[in-house]
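**Student:** One structure coming up, written as structure tokens, with questions to follow.
The values are calculated or read from the model by the stated rules, or taken from the named source; none is laboratory data. Just so we're clear, the structure is a prediction, and the values are computed from it rather than from any experiment. Note that each Cβ is placed from the backbone with ideal geometry, even for glycine, and that neighbours are counted across all protein chains shown.
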Amino acid sequence: MLRLDEVKTGSTGAGVDFDLLAALSNACGLAGDEDEVRQVLRQALASDACEIYTDTIGNLIVRKGNGPVRVMLCAHMDEVGLMVAGYDDNGFLRFKESGGIDPRVLPGRAVRVGRAGVPGVIGLPAGHWLDPADRDKVVPPKELLIDIGARSRDEAVAVAPPGTPVYFATRFERLSDKIVKGKALDDRVGCLVVARALLEADFRDLTLLAVFSVQEEVGFRGAQVAAFHLAPGLALAVDGTSSSDVPGVEPPDTSTHLGEGPAISLLDGSIVMHAKLREHLVALAERHGVPHQYRRLTTAGTDSGGIFLQRTGIPSCTMAVPCRYIHGPSSLANTDDIVAAVRLVGLLLESVDKGEFPV
Amino acid sequence: MNIFEELAELSRAAAIHGLEAETAALLARRWQPWLDESRSSTLGNFIGLARGTDPEPRPSVAAVAHMDAIGFMVTHVETGGFLRLSAVGGVNRRPLLGQEVEVLGRRRLVGVIGAKPPHLSTPEERKKLVPIEDLSVDLGLPEAAVRETVRPGDGVLYRQDVVALRNGRVAGRYLDDTAGLAVIGVALEELRREPHSADFYAVGTVGEESGRLSGGATAAFELRPSLAVVVEVTFGTSPGGDDPTNSFALGSGPAIGIGANCHPRLVNLFKSAADELGLATTLEVMPGGSGTDAWSMQTARGGVPTAILSVPLRYMHTPVETTSLDDIRSAGQLLAAVARKVDWTLVEALSCYDSTK
């Protein structure tokens, strides 16, 4: 269970708000069940916002400033996970996946079931009796079950009714000065970047609209709704993206590298980034010496893909913090990349405020 | 004894073969109130003694559970500070990808097991488990810091706390065989309540998971017990993949081994003692090799009568092995009750195989 008294901002060793990042990573938020994340962000940002509200789909919208130029920053609150979808007679839970999960990471994981965080494990039979031909096979998720220790179907249904969200039981930690480990760094790192950018923002001509969106992992649905009714002049989605800089993978297949700055997307499966906005971001980074890289993967989708087609079109671009082992139980990110991302977002806002980017 | 706490502590201390000393030290400390003496053997077995009251020479019972756990050893530090691994013991490869691990370097480090991600793998590769040699451990440290702290040969363990599930069930790493050690702890506490006639050796062995390196053989040679009871875990029923002749429901009580590795008179003794206590038990049929320390102990010196008592455990050799506190408690009570029955008459009868009993 999330304890809100743990949520505070201010512990910013190495320029990163570790307390807020820890609270964000530990909070649970499946698509459609983002409430814990929403509460963490509300608590962190309420005192600094001009206006803070939610819409019909559950996006948290935080407005700061009242200028003529409307800029939307977007980071998604939801994470990949599981949802209880059935039972067997002995009290084991069946599940469906929410968002894209590599089925190879599920067996043998400890999980938390529901908002109350009932402990459970994703079991798998002992390998001792497996046919040697089956030992190499990945177990399909539909054959896996969650064991909460229940002894009957009735008990299991009472503890975890259909639709109960299930989360990896990972706790946020710092592995070293710069490397953090946690679940859901996609996209709690983005939530942190947008939150910090908002807290640090002080601009005369801007209406800054920070959108913490819902349902990105199931098709960037929240961002579409928010972009329509906010009608910003431009939008930047800040996401967490996969970094494959691990043994056995050579550049450019590595896609992004931890520690080399935020990754600016050229295109992904949902959008070809607005060229002028993308070039402007890169120019700002180069001019101010902010580390950055291009995302060398052009698939998957981000909130920008939901934003840019709203109304008559909204110039949009995605920038992301590289994360290793994304969509798994324990992902890693480098705080230098988070710091650089906050800086680059700040530079973008400043340049728009000064009229250097026509909106 | 708080069995959950015992399991949690033993699980934290557990390690691969070669690194059992921390568990041995923990047993010496936790079992100290119930033991008259304790020591470590040449190969690292823990040996505790709760002395009996009979005049010497006394018969003796050795209760044996293994201290080592499955895991890995670092074989190589890669460019970038990633670690390559070799399995130690019968590692199940299915739960490895994405698993957090502890690396026992000059200090304990936390890492994540990764591999080439799915979007860079072919559909064929994605259907297969990644071979252990293609996995790497990511410590989130600069390469130089890794090289200072970690060396080939360092142990790597699953990282998973013991957690309480519903209905007295617990899940966590290395309950195989900390559950067996906890059974012996329960028996020691039980025996301390009133004097018992035979000596009771509480033994933690090394190297069980590495097969022929078993410390059980040297313990049997060294202690020359009148009989030995190996306390193990066995396969708990769970949906899918169970061998119907070899799975036992959690909560059904300890399983008493029956077969070539189990002395028939000891099997009967366990059954009758369970009946007297009103404890539920099951029989585990093991015609040949038991896959436990009892296999090497049975033939030590001129032969040691052996029995096998096992606690059902789901998901064996994964980070989330799951068992029942009730089964551990009743196995401990049964072990103590049997130990109380051991005298010279019984021990002599163990050499007597004529059919009249």
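**Student:** Could you please let me know if A:LEU124 is outside the structural domain of A:LEU206 (by TED's automatic domain parsing), surrounded by fewer than 23 Cβ atoms within 10 Å (Cβ to Cβ) and aliphatic (A, V, I, L, M)? Give the derivation first.
**Tutor:** On the way: outside the structural domain of A:LEU206 (by TED's automatic domain parsing): yes; surrounded by fewer than 23 Cβ atoms within 10 Å (Cβ to Cβ): no; aliphatic (A, V, I, L, M): yes.
No: the conditions fail for A:LEU124.
**Student:** Being surrounded by fewer than 21 Cβ atoms within 10 Å (Cβ to Cβ), among the small types (Gly, Ala, Ser) and either touching a residue at least 40 places away in the same chain (Cβ under 8 Å) or part of a strand (DSSP E or B) (or both) is the filter here; which residues of the range A:256-269 pass it?
**Tutor:** Scanning the range A:256-269 gives a single hit, A:GLY259.
**Student:** Anything in the range A:70-92 that is surrounded by fewer than 21 Cβ atoms within 10 Å (Cβ to Cβ) and away from chain B (no Cβ under 14 Å)? List them, or say none.
**Tutor:** A:ARG70, A:MET83, A:ALA85
**Student:** Considering only residues that are farther than 15 Å from B:GLY257 by Cβ and touching a residue at least 60 places away in the same chain (Cβ under 8 Å), which ones fall in the range B:274-286? Before the answer, list the steps.
**Tutor:** Looking only at the range B:274-286, we keep the residues that are farther than 15 Å from B:GLY257 by Cβ, and these are B:275-280.
Residues satisfying the conditions are B:GLU276, B:LEU277.
**Student:** Related question: Identify, by number, the condition in (1) touching a strand residue (DSSP E or B) at 6+ places or on another chain (Cβ under 8 Å); (2) outside the structural domain of B:GLU232 (by TED's automatic domain parsing); (3) basic (Lys, Arg) that B:ARG39 doesn't meet.
**Tutor:** Failed condition: (2).
**Student:** For B:GLU190, all conditions in the list (1) buried (at least 24 other Cβ atoms within 10 Å of the Cβ); (2) more than 12 Å from B:VAL64 (Cα to Cα) hold save one; what is the number of the exception?
**Tutor:** (1)
**Student:** Output the number of residues of the range B:146-166 satisfying the condition of being in contact with a Leu (Cβ under 9 Å, 6 or more places away or on another chain) and facing chain A (nearest Cβ under 7 Å).
**Tutor:** The qualifying residues number 1.
**Student:** Hey, any hits in the range B:315-325 for a residue that's away from every other protein chain (no Cβ under 14 Å), under 21 Å from the mean Cα position of the chain (by Cα) and either under 19 Å from B:ALA349 (Cβ atoms) or not aromatic (Phe, Trp, Tyr) (or both)? Quick ask: steps written out before the conclusion?
**Tutor:** Going through the range B:315-325, the residues away from every other protein chain (no Cβ under 14 Å) turn out to be none.
So far as the range B:315-325 goes, no, none of its residues is away from every other protein chain (no Cβ under 14 Å), under 21 Å from the mean Cα position of the chain (by Cα) and either under 19 Å from B:ALA349 (Cβ atoms) or not aromatic (Phe, Trp, Tyr) (or both).
**Student:** I would also like to ask the following. Can you tell me which residues in the range A:93-112 are closer than 18 Å to B:THR322 by Cα and within 10 Å of chain B (Cβ to nearest Cβ)?
**Tutor:** Restricting attention to the range A:93-112, the residues satisfying the condition of being closer than 18 Å to B:THR322 by Cα are A:93-94, A:106-112.
Selection gives A:ARG94, A:LEU106, A:PRO107, A:GLY108, A:ARG109, A:ALA110, A:VAL111, A:ARG112.
**Student:** Being buried (at least 16 other Cβ atoms within 10 Å of the Cβ) and either more than 7 Å from every other protein chain (Cβ to nearest Cβ) or modelled with pLDDT under 90 (or both) is the filter here, so list the residues in the range A:139-149 that pass it. Working first, answer last.
**Tutor:** At the first step, the residues of the range A:139-149 found to be buried (at least 16 other Cβ atoms within 10 Å of the Cβ) are A:139, A:141, A:144-149.
Across the range A:139-149, the qualifying residues are A:VAL139, A:PRO141, A:LEU144, A:ILE146.
**Student:** Sticking with this one: If a residue must be among the aliphatic types (A, V, I, L, M) and in a helix (DSSP H, G or I), how many such residues does the range B:130-171 contain?
**Tutor:** Narrowing the range B:130-171 to residues among the aliphatic types (A, V, I, L, M): B:130, B:132, B:135, B:137, B:139, B:141, B:144-146, B:150, B:156-157, B:162-165, B:170-171.
After this cut, where a residue has to be in a helix (DSSP H, G or I) as well, the list is B:132, B:144-146.
Looking only at that region, the number is 4.
**Student:** Quick one: which residue in B:LEU109, B:LEU120, B:LEU96, B:LEU141 is in contact with a Gly (Cβ under 7 Å, 6 or more places away or on another chain) and facing chain A (nearest Cβ under 9 Å)? Give the derivation first.
**Tutor:** Values: B:LEU109 fails: in contact with a Gly (Cβ under 7 Å, 6 or more places away or on another chain); B:LEU120 fails: in contact with a Gly (Cβ under 7 Å, 6 or more places away or on another chain); B:LEU96 fails: in contact with a Gly (Cβ under 7 Å, 6 or more places away or on another chain).
Just one listed residue meets the conditions, B:LEU141.
**Student:** Identify, please: which residue in the range B:284-312 is among the aliphatic types (A, V, I, L, M) and more than 21 Å from B:LEU188 (Cβ to Cβ) and is, among those, farthest from the other protein chains (Cβ to nearest Cβ)?
**Tutor:** Of all residues in the range B:284-312, those among the aliphatic types (A, V, I, L, M) come to B:285-286, B:294, B:297, B:300, B:304, B:307-309, B:311.
Cutting the leftovers down to more than 21 Å from B:LEU188 (Cβ to Cβ) gives us B:285-286, B:300.
Numbers: B:VAL285: 14, B:MET286: 13, B:ALA300: 25 Å.
Per the criteria, the residue is B:ALA300.
**Student:** Let me ask another. Could you list all residues from the range B:127-138 that are more than 7 Å from chain A (Cβ to nearest Cβ) and either within 29 Å of A:THR298 (Cβ to Cβ) or touching an Asp or Glu at 6+ places or on another chain (Cβ under 9 Å) (or both)?
**Tutor:** Kept after step one, since they are more than 7 Å from chain A (Cβ to nearest Cβ), are these residues of the range B:127-138: B:130-133, B:135, B:137.
B:VAL130, B:PRO131, B:LEU135 - these are the residues of the range B:127-138 that are more than 7 Å from chain A (Cβ to nearest Cβ) and either within 29 Å of A:THR298 (Cβ to Cβ) or touching an Asp or Glu at 6+ places or on another chain (Cβ under 9 Å) (or both).
**Student:** Which ones in the range A:150-181 are without any contact (Cβ under 8 Å) to a residue 12 or more places away in the chain and at the interface with another protein chain (Cβ under 8 Å from one of its Cβ atoms)? Even if it seems obvious, please write down each step before you answer.
**Tutor:** Of all residues in the range A:150-181, those without any contact (Cβ under 8 Å) to a residue 12 or more places away in the chain come to A:154, A:158, A:173, A:176.
A:GLU173, A:SER176 - these are the residues of the range A:150-181 that are without any contact (Cβ under 8 Å) to a residue 12 or more places away in the chain and at the interface with another protein chain (Cβ under 8 Å from one of its Cβ atoms).
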